[in-house]
Amino acid sequence: MRIALGISYNGGAYQGWQSQPSGLTIQDKLETALGKFTAQRVSTLCAGRTDAGVHGLMQVVHFDTELDRDTYSWVRGTNANLPRDIAVQWALKMPDAFHCRASAISRRYAYVLLESHIRPSVEYGRVGWTFGTMDGDAMRQAAAILIGEHDFTSFRASQCQSLTPVKNLMEISLHKRGAYWRIEFEANAFLHHMIRNIMGCLVQIGQGKKPAEWMAEVLAARDRRAAAPTFSPDGLYFLGPRYDAHWGMPDRTAAYDSLP
């Protein structure tokens with residue numbers, strides 16, 4: 001039986017999603033909890049790996065098991081063994097043809113950025129921070145340059161394992177509520193550090209350090225050295241993958257409502 005789970009987590013205390021010898025990753029904590037619940041070793045696959053400090057509102061995983069339990073038992077039983085900053089939001093029984101990564105049409109992220117002369121406190125670790133006023137029109141003009149299928153080598157980390165730097169960036173939207181910017185990204189897939197590297201450029205443009213047209217120069221360079229430094233992971237949230245409707249997957253969780 002193939003089971004899919006929707007997971008939310010605060011990534012501040014963890015070394016990213018993917019399992020590591022330290023055991024201090026989201027995947028390690030999830031598989032340990034599933035193992036305690038099932039009394040079996042459970043190996044999971046995820047829709048999109050996140051870096052250290054990055055949060056997840058609806059990470060989707062799947063695994064195969066011989067156990068037949070109702071879906072809510074998977075939620076309650078796993079959550080009983082998870083730390084307080086990780087929670088299973090839903091569980092579904094899926095056909096064998098479903099694959100959490102390969103079946104995804106796109107992946108979605110949001111970056112929450114605090115625009116303030118004062119550093120974050122209550123929201124520390126959950127927002128990025130920029131000192132001073134940001135030019136939203138310039139940032140939107142720069143973001144529009146990136147829409148479409150491009151070679152995103154300039155925004156790619158050196159340790160990226162993707163087979164190709166060519167990705168289809170479908171949408172970048174920018175909204176401001178009070179002192180908080182929410183920038184959403186959707187693409188067929190993302191390179192390692194791609195969003196954080198784009199954010200570094202957008203912030204420099206928003207601060208007036210670079211013109212909006214500079215984004216086109218960075219993209220065309222196909223050279224990581226042409227772009228801004230990698231921005232903080234604190235405000236980055238994996239919103240989850242998007243699937244074809246016939247799979248019957250949830251599109252969001254209650255955790256979405258926690259963001260500005």
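The values are calculated or read from the model by the stated rules, or taken from the named source; none is laboratory data. Quantities reported herein were computed from a predicted structural model and do not represent experimental measurements. Don't worry about glycine lacking a Cβ; one is built from the backbone with ideal geometry, like all the others, and counts go over all protein chains shown.
Residues in the range 1-30 that are in a loop (DSSP other than H, G, I, E, B), small (Gly, Ala, Ser) and within 14 Å of the chain's Cα centre (by Cα): Gly16 alone. Applying the condition of being touching a helix residue (DSSP H, G or I) at 6+ places or on another chain (Cβ under 6 Å) and over 16 Å from Gly178 (Cα atoms) to the range 121-138 and asking which residue is modelled with the highest pLDDT yields Ala138.
Look at (1) touching a residue at least 60 places away in the same chain (Cβ under 8 Å); (2) crowded, with 20+ Cβ neighbours inside 10 Å and you find that Ile172 fails only one, number (1).
Can you pull out the residues in the range 122-169 that are over 23 Å from Arg107 (Cα atoms) and not small (Gly, Ala, Ser)?
First, the residues of the range 122-169 that are over 23 Å from Arg107 (Cα atoms): 122-124, 129-138.
Val122, Glu123, Tyr124, Trp129, Thr130, Phe131, Thr133, Met134, Asp135, Asp137, listed by residue number.
Listed by first and then second residue, the pairs with beta-carbon distance under 8 Å, at least 6 apart or on different chains, first residue in the range 63-79 and in a helix (DSSP H, G or I), second surrounded by fewer than 15 Cβ atoms within 10 Å (Cβ to Cβ) and modelled with pLDDT of 95 or more, are Thr71/Lys93. In a strand (DSSP E or B) and either in contact with a Pro (Cβ under 6 Å, 6 or more places away or on another chain) or at pLDDT 95 or above (or both): is that true of Val60 in this structure? The answer is yes for Val60. Residue count for the range 16-28, restricted to those that are surrounded by 15 or more Cβ atoms within 10 Å (Cβ to Cβ) and in contact with an Asp or Glu (Cβ under 9 Å, 6 or more places away or on another chain): 3. Might you check whether a residue that is closer than 19 Å to Gly208 by Cα and crowded, with 17+ Cβ neighbours inside 10 Å occurs anywhere in the range 117-128? Within the range 117-128, one or more residues are closer than 19 Å to Gly208 by Cα and crowded, with 17+ Cβ neighbours inside 10 Å. A search for C-beta distances below 7 Å between a residue of the range 29-47 that is under 20 Å from Gly16 (Cβ atoms) and any residue that is among the hydroxyl-bearing types (Ser, Thr, Tyr) and surrounded by 14 or more Cβ atoms within 10 Å (Cβ to Cβ), counting only pairs 6+ apart in sequence or on different chains, returns Leu30/Thr44; Glu31/Thr44; Ala33/Thr78; Leu34/Thr78; Val42/Thr65. Residues that are within 19 Å of Phe98 (Cβ to Cβ), part of a loop (DSSP other than H, G, I, E, B) and out of contact with any Pro (no Cβ under 7 Å at 6 or more places or on another chain): does the range 31-38 have at least one? No - not one qualifying residue is present in the range 31-38.
Condition check ((1) surrounded by fewer than 17 Cβ atoms within 10 Å (Cβ to Cβ); (2) farther than 19 Å from Gly136 by Cβ) across all residues:
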site: Ser154; (1), (2): no, yes
site: Trp181; (1), (2): no, no
site: Arg196; (1), (2): no, yes
site: Leu202; (1), (2): no, no
site: Glu213; (1), (2): yes, no
site: Ala220; (1), (2): yes, yes
site: Ala226; (1), (2): yes, yes
site: Phe231; (1), (2): no, no
site: Asp234; (1), (2): no, yes
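Restricting attention to the range 242-260, the residues being under 16 Å from Trp90 (Cβ atoms), part of a loop (DSSP other than H, G, I, E, B) and under 16 Å from the mean Cα position of the chain (by Cα) number 3. For the range 157-201, the candidate set comprises residues that are part of a loop (DSSP other than H, G, I, E, B) and small (Gly, Ala, Ser); within that set, the residue that is farthest from Arg222 (Cα to Cα) is Gly178.
When the range 102-154 is filtered for residues that are polar (S, T, N, Q) and either assigned to a loop (DSSP other than H, G, I, E, B) or touching a Gly at 6+ places or on another chain (Cβ under 8 Å) (or both), the ones remaining, listed by number, are Ser103, Ser116, Ser121, Thr130, Thr133.
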